Structures are given as structure tokens and as C-alpha cells.
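Report on the following structure.
Read the figures in this text as sums done on the coordinates, not as results from a lab. All of these numbers come straight from a predicted model, not from anything done at the bench. When we count neighbours, we look across all protein chains shown, and the Cβ atoms used for this are built from the backbone with ideal geometry, even at glycine.
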Amino acid sequence: MSLTLYYHPLSSFCMKALMALYENATPFTPHLVDLGGAAQRAKFIELWPAGKFPVLRDDARDRKVPESSIIIEYLLQHYPAPQGAHCAVSGARTGFGRTILAAMSAPQNLVRL
Ligand SMILES: N[C@@H](CCC(=O)N[C@@H](CS)C(=O)NCC(=O)O)C(=O)O
């Protein structure tokens, strides 16, 4: 898979990027970063010296994209949604926020509508 999002589920900036990915059903690999762990922090800082997430890695274009708003613009430019593609989470009750939270905790439950 070309796209990897380095994120933490409790970060609102990461939620912005996750919403853009889930809303368009863009395939990506979620990579949870625990900045509290010294080894994970060091590895993440190697990837992105500012040490702030989210960061999107795009192997297909050999790009690292930081900053939630820039990630969203990058996705719109390079990975627009296929027409009619929207997704939801199986078993999620109504409510956008609930859907996003469910998707973050169990991305395998995402379904295409
Ligand atoms: N302007 C950045 C802000 C990113 C940001 O501040 N992320 C926080 C998490 S919500 C972070 O990485 N904090 C870790 C730190 O500062 O050590 C964006 O929009 O992505």
C-alpha cells in the first residue's frame, strides 16, 4: 500500500487527516505512534524531525507530507475519491463523530457504501 499515516487516535490534528482518508475510502496503512515510548519517538523523529503528527508517507511518489491541512490538500490533489465512493463502519450507530471514532479503533470494520 502506497500511503502510510503516522498518527495517534487521541490527536485532533490526526483526526482531520483520518477523516479525509476515511471519507474518500482511500486505502492507507495506519501507523500508530506512541510519543511516550523513547524508541518510537526516536524512530518518528528520524522520519519527521519536527516530531509532530500527523505525517503522511507516500511511497508511490516518495514524499513525506506533514501538517493536517496540507495532508488533506495533498490527498485531494493526488488521491481524489473515486466517483460515488464513500465509506462507513459496519456496526457503527448514527453520528459522524461516532463513525470516525469507530473507524479509528477498528479500521478493519470499514465498509464501502
Ligand atoms: N499544525 C500541525 C499541528 C500538529 C500537532 O501539534 N500535533 C500534536 C498532536 S495533536 C503533536 O504532534 N504533538 C506532539 C509534540 O508536540 O510533541 C497540524 O495541523 O498537523
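Would you mind computing the Rg to Rh ratio of the stretch 3-80 from its alpha-carbon coordinates, Kirkwood style for Rh?
0.95
Hey, can you grab everything whose amide H is under 5 Å from the amide H of VAL33? Only 5+ residues off in sequence or another chain; H modelled, so Pro and N-termini drop out.
Distant-sequence amide H within range of VAL33: TYR7, HIS8.
What does the highest-first list of 74-82, 18-26 look like by mean Cβ count within 10 Å?
18-26, 74-82
So for each of 57-63, 47-53 I average, over its residues, the number of other beta carbons within 10 Å; can you give me the resulting order with the highest mean first?
Those peptides, ordered most packed to least, come out 47-53, 57-63.
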